[in-house]
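Worksheet for the structure shown next.
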Amino acid sequence: MFTNSDEAVINKKLPKELLLRIFSFLDVVTLCRCAQVSRSWNVLALDGSNWQRIDLFDFQRDIEGRVVENISKRCGGFLRKLSLRGCLGVGDSALRTFSQNCRNIEVLNLNGCTKITDSTCNSLSKFCPKLKHLDLASCTSITNLSLKALSEGCPLLEQLNISWCDQVTKDGIQALVRSCPGLKCLFLKGCTQLEDEALKHIGAHCPELVTLNLQTCSQITDEGLITICRGCHRLQSLCVSGCGNITDAILHALGQNCPRLRILEVARCSQLTDVGFTTLARVSRILFLSLLHQITDGTLIQLSIHCPRLQVLSLSHCELITDDGIRHLGSGPCAHDRLEVIELDNCPLITDASLEHLKSCHSLDRIELYDCQQITRAGIKRLRTHLPNIKVHAYFAPVTPPPSVGGSRQRFCRCCVLL
(Lines give C-alpha, C1' and ligand atoms only; values in the text may rest on other atoms or scores of the structure.)
Protein backbone atom coordinates (compact mmCIF):
# COMPACT_ATOMS: atom_id res chain seq x y z
CA MET A 1 0.00 0.00 0.00
CA PHE A 2 1.20 3.50 -0.80
CA THR A 3 1.96 6.01 1.95
CA ASN A 4 1.22 9.72 2.06
CA SER A 5 4.64 10.45 0.62
CA ASP A 6 2.99 12.18 -2.32
CA GLU A 7 3.01 15.26 -0.11
CA ALA A 8 6.74 14.98 0.56
CA VAL A 9 8.82 18.14 0.08
CA ILE A 10 10.82 16.66 -2.80
CA ASN A 11 7.65 16.15 -4.83
CA LYS A 12 6.57 19.73 -4.21
CA LYS A 13 9.90 21.42 -4.84
CA LEU A 14 11.18 19.55 -7.90
CA PRO A 15 9.37 19.54 -11.22
CA LYS A 16 8.40 16.21 -12.77
CA GLU A 17 10.95 16.61 -15.55
CA LEU A 18 13.84 16.89 -13.08
CA LEU A 19 12.60 13.93 -11.02
CA LEU A 20 12.41 11.87 -14.19
CA ARG A 21 15.98 12.87 -15.00
CA ILE A 22 17.12 11.68 -11.56
CA PHE A 23 15.24 8.39 -11.94
CA SER A 24 16.89 7.81 -15.31
CA PHE A 25 20.18 7.01 -13.53
CA LEU A 26 18.69 4.19 -11.43
CA ASP A 27 19.04 0.47 -12.11
CA VAL A 28 16.13 -1.97 -12.50
CA VAL A 29 16.02 -3.04 -8.85
CA THR A 30 16.11 0.52 -7.50
CA LEU A 31 13.41 1.65 -9.92
CA CYS A 32 11.15 -1.17 -8.73
CA ARG A 33 11.74 -0.15 -5.12
CA CYS A 34 11.01 3.49 -5.89
CA ALA A 35 7.77 2.46 -7.58
CA GLN A 36 6.52 1.22 -4.18
CA VAL A 37 7.15 4.48 -2.31
CA SER A 38 4.12 6.47 -3.41
CA ARG A 39 1.66 6.89 -6.25
CA SER A 40 3.60 9.76 -7.79
CA TRP A 41 6.90 7.85 -7.59
CA ASN A 42 5.19 4.80 -9.05
CA VAL A 43 4.25 6.82 -12.11
CA LEU A 44 7.74 8.31 -12.37
CA ALA A 45 9.65 5.05 -11.83
CA LEU A 46 7.57 3.14 -14.36
CA ASP A 47 7.73 5.85 -17.01
CA GLY A 48 8.94 4.29 -20.24
CA SER A 49 11.78 6.80 -20.60
CA ASN A 50 13.50 5.21 -17.59
CA TRP A 51 13.48 1.79 -19.22
CA GLN A 52 15.57 2.35 -22.33
CA ARG A 53 18.22 -0.18 -21.26
CA ILE A 54 17.32 -3.33 -19.35
CA ASP A 55 19.54 -6.24 -18.33
CA LEU A 56 17.68 -9.14 -16.69
CA PHE A 57 20.63 -11.51 -16.42
CA ASP A 58 20.68 -11.27 -12.61
CA PHE A 59 17.04 -12.45 -12.53
CA GLN A 60 17.29 -15.05 -15.30
CA ARG A 61 15.87 -17.95 -13.28
CA ASP A 62 12.71 -16.00 -12.48
CA ILE A 63 12.03 -14.55 -15.91
CA GLU A 64 9.13 -16.09 -17.78
CA GLY A 65 7.55 -15.06 -21.04
CA ARG A 66 4.82 -12.97 -19.42
CA VAL A 67 7.45 -10.80 -17.70
CA VAL A 68 9.01 -9.92 -21.05
CA GLU A 69 5.56 -9.20 -22.48
CA ASN A 70 4.72 -6.86 -19.58
CA ILE A 71 8.06 -5.05 -19.90
CA SER A 72 7.51 -4.55 -23.62
CA LYS A 73 4.07 -3.08 -23.01
CA ARG A 74 5.41 -0.75 -20.35
CA CYS A 75 8.48 0.42 -22.31
CA GLY A 76 7.11 0.42 -25.82
CA GLY A 77 9.10 2.53 -28.24
CA PHE A 78 11.42 3.82 -25.50
CA LEU A 79 13.34 0.56 -25.16
CA ARG A 80 16.64 0.55 -27.03
CA LYS A 81 18.62 -2.22 -25.33
CA LEU A 82 17.46 -5.48 -23.70
CA SER A 83 19.48 -8.40 -22.37
CA LEU A 84 17.69 -11.69 -21.66
CA ARG A 85 20.95 -13.63 -21.53
CA GLY A 86 20.38 -17.03 -19.95
CA CYS A 87 16.62 -16.59 -19.51
CA LEU A 88 15.65 -20.18 -20.31
CA GLY A 89 11.93 -19.60 -19.74
CA VAL A 90 11.53 -17.08 -22.56
CA GLY A 91 10.22 -18.41 -25.88
CA ASP A 92 8.97 -17.34 -29.31
CA SER A 93 5.53 -16.16 -28.15
CA ALA A 94 6.90 -13.64 -25.66
CA LEU A 95 9.43 -12.34 -28.15
CA ARG A 96 6.77 -11.87 -30.78
CA THR A 97 4.83 -9.62 -28.38
CA PHE A 98 8.08 -7.86 -27.51
CA SER A 99 8.90 -7.25 -31.20
CA GLN A 100 5.47 -5.78 -31.83
CA ASN A 101 5.69 -3.39 -28.88
CA CYS A 102 9.37 -2.39 -28.95
CA ARG A 103 9.99 -1.47 -32.55
CA ASN A 104 12.92 0.84 -31.79
CA ILE A 105 15.06 -1.87 -30.20
CA GLU A 106 18.70 -1.62 -31.30
CA VAL A 107 20.54 -4.10 -29.06
CA LEU A 108 19.05 -7.49 -28.12
CA ASN A 109 20.87 -10.24 -26.23
CA LEU A 110 19.21 -13.68 -26.34
CA ASN A 111 22.36 -15.65 -25.56
CA GLY A 112 21.37 -19.02 -24.08
CA CYS A 113 17.62 -18.55 -24.56
CA THR A 114 17.35 -22.12 -25.81
CA LYS A 115 13.59 -22.13 -26.32
CA ILE A 116 13.62 -19.67 -29.18
CA THR A 117 13.49 -20.79 -32.82
CA ASP A 118 13.42 -19.23 -36.28
CA SER A 119 10.01 -17.79 -35.38
CA THR A 120 11.68 -15.19 -33.14
CA CYS A 121 13.90 -13.97 -35.97
CA ASN A 122 10.85 -13.74 -38.22
CA SER A 123 9.20 -11.47 -35.64
CA LEU A 124 12.31 -9.31 -35.31
CA SER A 125 12.54 -9.05 -39.07
CA LYS A 126 8.92 -7.97 -39.37
CA PHE A 127 8.77 -5.40 -36.56
CA CYS A 128 12.32 -4.28 -35.61
CA PRO A 129 14.04 -2.61 -38.59
CA LYS A 130 16.41 -0.59 -36.35
CA LEU A 131 18.08 -3.67 -34.82
CA LYS A 132 21.90 -3.32 -34.87
CA HIS A 133 23.25 -5.86 -32.38
CA LEU A 134 21.79 -9.36 -31.95
CA ASP A 135 23.19 -12.18 -29.82
CA LEU A 136 21.76 -15.65 -30.51
CA ALA A 137 24.69 -17.68 -29.16
CA SER A 138 23.74 -21.20 -28.04
CA CYS A 139 20.23 -20.89 -29.48
CA THR A 140 20.67 -24.22 -31.18
CA SER A 141 17.29 -24.29 -32.94
CA ILE A 142 18.32 -21.35 -35.12
CA THR A 143 18.76 -22.29 -38.80
CA ASN A 144 19.40 -20.60 -42.15
CA LEU A 145 15.79 -19.41 -42.10
CA SER A 146 16.63 -17.02 -39.27
CA LEU A 147 19.51 -15.46 -41.19
CA LYS A 148 17.36 -15.07 -44.29
CA ALA A 149 14.65 -13.38 -42.23
CA LEU A 150 17.14 -10.99 -40.63
CA SER A 151 18.55 -10.15 -44.05
CA GLU A 152 15.09 -9.11 -45.22
CA GLY A 153 14.00 -6.99 -42.26
CA CYS A 154 17.11 -5.83 -40.38
CA PRO A 155 19.41 -4.13 -42.93
CA LEU A 156 21.15 -2.03 -40.24
CA LEU A 157 22.59 -5.09 -38.48
CA GLU A 158 26.19 -4.45 -37.39
CA GLN A 159 26.90 -7.23 -34.92
CA LEU A 160 25.61 -10.81 -34.93
CA ASN A 161 26.56 -13.68 -32.64
CA ILE A 162 25.35 -17.11 -33.75
CA SER A 163 28.05 -19.12 -31.97
CA TRP A 164 27.11 -22.78 -31.48
CA CYS A 165 24.15 -22.48 -33.86
CA ASP A 166 25.46 -25.51 -35.68
CA GLN A 167 22.59 -25.82 -38.14
CA VAL A 168 23.73 -22.70 -40.00
CA THR A 169 25.40 -23.28 -43.38
CA LYS A 170 26.82 -21.18 -46.21
CA ASP A 171 23.32 -20.51 -47.58
CA GLY A 172 22.31 -18.61 -44.46
CA ILE A 173 25.59 -16.68 -44.39
CA GLN A 174 25.21 -15.76 -48.04
CA ALA A 175 21.70 -14.35 -47.52
CA LEU A 176 22.78 -12.39 -44.45
CA VAL A 177 25.91 -10.69 -45.79
CA ARG A 178 24.35 -9.72 -49.11
CA SER A 179 21.66 -7.65 -47.39
CA CYS A 180 23.61 -6.40 -44.37
CA PRO A 181 26.69 -4.68 -45.82
CA GLY A 182 27.35 -2.80 -42.59
CA LEU A 183 28.27 -5.90 -40.58
CA LYS A 184 31.24 -5.14 -38.33
CA CYS A 185 31.29 -8.06 -35.88
CA LEU A 186 30.44 -11.66 -36.74
CA PHE A 187 30.76 -14.46 -34.20
CA LEU A 188 30.49 -17.92 -35.76
CA LYS A 189 32.22 -19.97 -33.07
CA GLY A 190 31.21 -23.63 -33.20
CA CYS A 191 29.29 -23.35 -36.50
CA THR A 192 30.85 -26.58 -37.64
CA GLN A 193 29.04 -26.84 -40.98
CA LEU A 194 30.66 -23.70 -42.36
CA GLU A 195 33.17 -24.20 -45.17
CA ASP A 196 35.34 -21.96 -47.33
CA GLU A 197 32.35 -21.03 -49.49
CA ALA A 198 30.77 -19.18 -46.54
CA LEU A 199 33.98 -17.22 -45.97
CA LYS A 200 34.09 -16.23 -49.62
CA HIS A 201 30.66 -14.63 -49.25
CA ILE A 202 31.82 -12.75 -46.15
CA GLY A 203 34.97 -11.53 -47.89
CA ALA A 204 32.99 -10.35 -50.90
CA HIS A 205 30.21 -8.48 -49.05
CA CYS A 206 31.56 -7.30 -45.66
CA PRO A 207 34.13 -4.55 -46.28
CA GLU A 208 33.41 -3.01 -42.85
CA LEU A 209 34.12 -6.20 -40.89
CA VAL A 210 36.26 -5.56 -37.78
CA THR A 211 35.83 -8.72 -35.69
CA LEU A 212 35.47 -12.32 -36.90
CA ASN A 213 35.37 -15.40 -34.68
CA LEU A 214 35.63 -18.79 -36.41
CA GLN A 215 36.79 -20.87 -33.47
CA THR A 216 36.44 -24.64 -34.05
CA CYS A 217 35.04 -24.15 -37.57
CA SER A 218 37.22 -27.10 -38.46
CA GLN A 219 36.32 -27.37 -42.15
CA ILE A 220 37.72 -24.00 -43.21
CA THR A 221 41.11 -23.76 -44.93
CA ASP A 222 43.56 -21.14 -46.18
CA GLU A 223 41.47 -20.64 -49.31
CA GLY A 224 38.49 -19.20 -47.49
CA LEU A 225 40.50 -17.16 -45.01
CA ILE A 226 42.65 -15.57 -47.71
CA THR A 227 39.41 -14.30 -49.29
CA ILE A 228 38.55 -12.71 -45.93
CA CYS A 229 41.96 -11.02 -45.76
CA ARG A 230 41.65 -9.60 -49.26
CA GLY A 231 38.11 -8.32 -48.79
CA CYS A 232 38.10 -7.17 -45.15
CA HIS A 233 40.97 -4.70 -44.84
CA ARG A 234 39.52 -3.17 -41.66
CA LEU A 235 39.82 -6.45 -39.74
CA GLN A 236 41.17 -5.91 -36.22
CA SER A 237 40.36 -9.16 -34.41
CA LEU A 238 40.43 -12.70 -35.80
CA CYS A 239 39.96 -15.98 -33.95
CA VAL A 240 40.65 -19.22 -35.81
CA SER A 241 41.62 -21.33 -32.81
CA GLY A 242 40.97 -25.00 -33.44
CA CYS A 243 40.98 -24.61 -37.24
CA GLY A 244 43.64 -27.23 -37.82
CA ASN A 245 43.75 -26.96 -41.62
CA ILE A 246 45.25 -23.49 -41.84
CA THR A 247 48.94 -22.94 -42.59
CA ASP A 248 51.48 -20.14 -42.73
CA ALA A 249 49.80 -18.90 -45.91
CA ILE A 250 47.05 -17.29 -43.86
CA LEU A 251 49.62 -15.47 -41.69
CA HIS A 252 51.25 -14.03 -44.82
CA ALA A 253 47.84 -12.94 -46.13
CA LEU A 254 46.98 -11.23 -42.83
CA GLY A 255 50.32 -9.42 -42.77
CA GLN A 256 49.92 -8.15 -46.32
CA ASN A 257 46.22 -7.24 -46.32
CA CYS A 258 45.10 -6.42 -42.77
CA PRO A 259 47.25 -3.59 -41.40
CA ARG A 260 44.78 -2.87 -38.59
CA LEU A 261 44.89 -6.37 -37.11
CA ARG A 262 45.42 -6.20 -33.35
CA ILE A 263 44.15 -9.50 -31.94
CA LEU A 264 44.93 -12.93 -33.39
CA GLU A 265 43.92 -16.22 -31.75
CA VAL A 266 45.39 -19.31 -33.40
CA ALA A 267 45.50 -21.85 -30.55
CA ARG A 268 45.72 -25.48 -31.69
CA CYS A 269 46.52 -24.52 -35.30
CA SER A 270 49.39 -26.98 -35.32
CA GLN A 271 50.62 -26.33 -38.88
CA LEU A 272 51.72 -22.76 -38.15
CA THR A 273 55.47 -22.15 -37.90
CA ASP A 274 58.03 -19.42 -37.25
CA VAL A 275 58.11 -18.59 -40.97
CA GLY A 276 54.51 -17.35 -40.99
CA PHE A 277 54.86 -15.22 -37.89
CA THR A 278 57.82 -13.36 -39.39
CA THR A 279 55.38 -11.47 -41.64
CA LEU A 280 52.60 -11.14 -39.11
CA ALA A 281 54.70 -9.81 -36.23
CA ARG A 282 54.51 -6.29 -37.61
CA VAL A 283 50.81 -5.74 -36.94
CA SER A 284 49.52 -7.60 -33.87
CA ARG A 285 49.14 -6.37 -30.29
CA ILE A 286 47.46 -9.42 -28.76
CA LEU A 287 48.56 -12.90 -29.80
CA PHE A 288 47.17 -16.22 -28.57
CA LEU A 289 49.62 -18.85 -29.83
CA SER A 290 48.73 -21.66 -27.43
CA LEU A 291 49.45 -25.26 -28.42
CA LEU A 292 51.55 -24.35 -31.47
CA HIS A 293 54.14 -27.08 -31.16
CA GLN A 294 56.29 -25.87 -34.08
CA ILE A 295 56.79 -22.36 -32.72
CA THR A 296 60.34 -21.68 -31.51
CA ASP A 297 62.41 -18.78 -30.25
CA GLY A 298 62.54 -17.53 -33.84
CA THR A 299 59.00 -16.22 -33.53
CA LEU A 300 59.83 -14.39 -30.31
CA ILE A 301 62.85 -12.78 -31.96
CA GLN A 302 60.60 -11.45 -34.74
CA LEU A 303 58.06 -10.21 -32.21
CA SER A 304 60.75 -8.43 -30.23
CA ILE A 305 61.94 -6.60 -33.36
CA HIS A 306 58.74 -5.87 -35.25
CA CYS A 307 55.97 -5.75 -32.66
CA PRO A 308 56.65 -2.73 -30.42
CA ARG A 309 53.01 -2.46 -29.30
CA LEU A 310 52.56 -6.05 -28.14
CA GLN A 311 50.43 -6.11 -24.98
CA VAL A 312 49.30 -9.73 -24.47
CA LEU A 313 51.18 -12.87 -25.53
CA SER A 314 49.99 -16.42 -24.86
CA LEU A 315 52.56 -19.17 -25.45
CA SER A 316 50.84 -21.93 -23.46
CA HIS A 317 52.10 -25.40 -24.42
CA CYS A 318 54.62 -23.99 -26.94
CA GLU A 319 57.12 -26.59 -25.87
CA LEU A 320 60.09 -25.40 -27.97
CA ILE A 321 60.24 -21.91 -26.42
CA THR A 322 63.39 -21.37 -24.32
CA ASP A 323 64.96 -18.73 -22.10
CA ASP A 324 66.75 -17.28 -25.13
CA GLY A 325 63.46 -16.38 -26.82
CA ILE A 326 62.23 -14.69 -23.65
CA ARG A 327 65.55 -12.82 -23.46
CA HIS A 328 64.94 -11.27 -26.87
CA LEU A 329 61.35 -10.45 -25.95
CA GLY A 330 62.44 -8.83 -22.67
CA SER A 331 64.93 -6.62 -24.45
CA GLY A 332 62.56 -5.61 -27.26
CA PRO A 333 60.75 -2.25 -27.53
CA CYS A 334 57.45 -3.67 -26.25
CA ALA A 335 58.98 -4.85 -22.99
CA HIS A 336 59.48 -1.55 -21.19
CA ASP A 337 56.08 0.09 -21.54
CA ARG A 338 53.63 -2.17 -23.40
CA LEU A 339 53.72 -5.85 -22.44
CA GLU A 340 51.04 -6.52 -19.81
CA VAL A 341 50.39 -10.28 -19.90
CA ILE A 342 52.54 -13.25 -20.85
CA GLU A 343 51.40 -16.86 -20.54
CA LEU A 344 54.15 -19.47 -20.38
CA ASP A 345 52.31 -22.35 -18.74
CA ASN A 346 53.44 -25.82 -19.85
CA CYS A 347 56.61 -24.51 -21.53
CA PRO A 348 59.00 -27.13 -20.11
CA LEU A 349 62.26 -25.44 -21.21
CA ILE A 350 61.55 -22.18 -19.37
CA THR A 351 63.67 -21.59 -16.26
CA ASP A 352 64.27 -18.85 -13.71
CA ALA A 353 66.50 -17.17 -16.30
CA SER A 354 63.36 -16.15 -18.22
CA LEU A 355 62.06 -14.36 -15.14
CA GLU A 356 65.33 -12.44 -14.95
CA HIS A 357 64.85 -11.33 -18.58
CA LEU A 358 61.34 -10.03 -17.79
CA LYS A 359 62.39 -7.74 -14.93
CA SER A 360 62.52 -4.74 -17.26
CA CYS A 361 58.87 -5.18 -18.34
CA HIS A 362 57.53 -2.43 -16.12
CA SER A 363 53.92 -2.75 -17.34
CA LEU A 364 53.79 -6.51 -16.82
CA ASP A 365 50.67 -7.23 -14.78
CA ARG A 366 50.32 -11.02 -15.00
CA ILE A 367 52.46 -14.04 -15.84
CA GLU A 368 51.26 -17.66 -16.10
CA LEU A 369 53.78 -20.33 -15.11
CA TYR A 370 51.65 -23.42 -14.46
CA ASP A 371 53.64 -26.65 -14.88
CA CYS A 372 56.89 -24.90 -15.72
CA GLN A 373 58.89 -27.46 -13.79
CA GLN A 374 62.15 -25.53 -13.89
CA ILE A 375 60.69 -22.39 -12.31
CA THR A 376 61.41 -22.04 -8.59
CA ARG A 377 59.96 -20.03 -5.74
CA ALA A 378 63.24 -18.18 -5.45
CA GLY A 379 63.03 -17.08 -9.09
CA ILE A 380 59.50 -15.77 -8.59
CA LYS A 381 60.56 -13.94 -5.44
CA ARG A 382 63.39 -12.21 -7.30
CA LEU A 383 60.99 -11.15 -10.06
CA ARG A 384 58.64 -9.62 -7.50
CA THR A 385 61.39 -7.49 -6.01
CA HIS A 386 61.42 -5.63 -9.35
CA LEU A 387 57.70 -5.94 -10.15
CA PRO A 388 55.97 -5.91 -6.75
CA ASN A 389 52.41 -5.71 -8.14
CA ILE A 390 52.68 -8.54 -10.66
CA LYS A 391 50.27 -11.49 -10.42
CA VAL A 392 52.15 -14.77 -10.76
CA HIS A 393 50.15 -17.94 -11.31
CA ALA A 394 52.29 -21.03 -10.78
CA TYR A 395 51.67 -24.66 -9.95
CA PHE A 396 54.41 -26.59 -8.23
CA ALA A 397 53.67 -30.23 -8.97
CA PRO A 398 54.05 -32.92 -6.32
CA VAL A 399 57.59 -34.27 -6.03
CA THR A 400 58.26 -37.90 -5.15
CA PRO A 401 61.77 -38.35 -3.72
CA PRO A 402 63.81 -41.57 -4.00
CA PRO A 403 62.98 -44.35 -1.50
CA SER A 404 64.33 -43.83 1.97
CA VAL A 405 66.75 -46.19 3.56
CA GLY A 406 63.87 -48.20 4.97
CA GLY A 407 62.33 -48.64 1.52
CA SER A 408 59.23 -46.45 2.07
CA ARG A 409 58.43 -43.36 0.00
CA GLN A 410 57.29 -40.04 1.35
CA ARG A 411 55.33 -37.70 -0.95
CA PHE A 412 56.26 -34.04 -0.83
CA CYS A 413 53.97 -31.43 -2.39
CA ARG A 414 55.41 -28.19 -3.78
CA CYS A 415 51.81 -26.89 -3.83
CA CYS A 416 49.79 -24.49 -5.99
CA VAL A 417 50.42 -20.80 -5.48
CA LEU A 418 48.87 -17.51 -6.53
CA LEU A 419 51.38 -14.78 -5.82
Requested in this report: Can you send over the solvent-accessible area of Val275, 1.4 Å probe, protein chains only, in Å² to the nearest 10?
Outcome: 90
**Report entry** Accessible surface, the chain, averaged per residue in Å² (probe 1.4 Å)
**Finding:** 45
Report summary line: Quick calc, the chain, dipole around Cα centre from Cβ unit charges on Lys, Arg (+) and Asp, Glu (-), nearest 20 debye, gives 1320
Query raised in the report: How about Lys13: which aspartates and glutamates have a C-alpha closer than 17 Å to its C-alpha, ignoring those fewer than 8 places off in the same chain?
Result: none
Query raised in the report: Can you give the extra length, in nm with one decimal, that the chain gains between Ala204 and Asp62 once fully stretched, where that is 0.36 nm per residue apart less the Cα-Cα distance?
Result: 46.7 nm
Requested in this report: Give the relative contact order (percent, whole number) for the chain; include only Cα pairs under 8 Å separated by 6+ residues.
Outcome: 6
Requested in this report: Report, in degrees rounded to the nearest 10, the 0 to 90 angle that the Cα long axis of helix 118-127 makes with the longest principal axis of the chain.
Outcome: 60
Report task. Sort Asp58, Asp324 from largest to smallest accessible area, using a 1.4 Å probe on the heavy atoms of the protein chains. Result -> Asp58, Asp324
Query raised in the report: In whole percent, what relative contact order does region 1-96 give with Cα contacts below 8 Å and a gap of six or more residues?
Result: 26
Requested in this report: Run the accessible area of region 73-167 with a 1.4 Å probe and give the carbon-and-sulfur part as a rounded percent.
Outcome: 46
Query raised in the report: Expressed as a rounded percentage, what relative contact order does region 49-137 have, with Cα pairs under 8 Å and six or more residues apart?
Result: 29
Report summary line: What helix-only [θ] at 222 nm does the chain give? Using -39500 (n - 2.57) per DSSP H run of at least 4, over all residues, to the nearest 500, the answer is -10500 deg cm²/dmol
**Report entry** Alpha-carbon centroid distance for the pair region 83-116 / region 213-282, whole angstrom
**Finding:** 34
**Report entry** Identified option (computed Rg and Dmax of the Cα atoms in Å; candidates (i) 20.8, 65; (ii) 25.3, 104; (iii) 26.9, 90)
**Finding:** (iii)
Query raised in the report: Can you tell which of Asn346, Gln219, Asn11 lies farthest toward the positive end of the dipole of the chain, using +1 and -1 charges on the Cβ of basic and acidic side chains (Lys, Arg; Asp, Glu)?
Result: Asn11
Report task. Would you check the accessible area of Asp135, probe 1.4 Å, heavy atoms only, in square angstrom rounded to 10? Result -> 30
Requested in this report: Rank these residues by their accessible area, most exposed first, probe 1.4 Å: His205, His362, His393.
Outcome: His362, His205, His393
**Report entry** Pairwise label distance in nanometres, Lys73 with Ala378, each label 7 Å out on the Cα-Cβ vector
**Finding:** 7.4
Query raised in the report: Under 13 Å from the Cα of Lys359, which aspartates and glutamates turn up, not counting those fewer than eight places away in the same chain?
Result: Asp337, Glu340
Query raised in the report: Hey, which of these cross-link pairs are over 25 Å Cα-Cα: Lys115/Lys184; Lys132/Lys189; Lys73/Lys132; Lys130/Lys184?
Result: Lys115/Lys184
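The values are calculated or read from the model by the stated rules, or taken from the named source; none is laboratory data. Computed from a prediction, not measured in an experiment: that's the story for all the values here. Virtual Cβ from ideal backbone geometry, glycine too; neighbours counted across all protein chains shown. Surface accessibility is based on the protein's heavy atoms, side chains included, excluding ligands, DNA and RNA. Shrake-Rupley method; radii C 1.70, N 1.55, O 1.52, S 1.80 Å.
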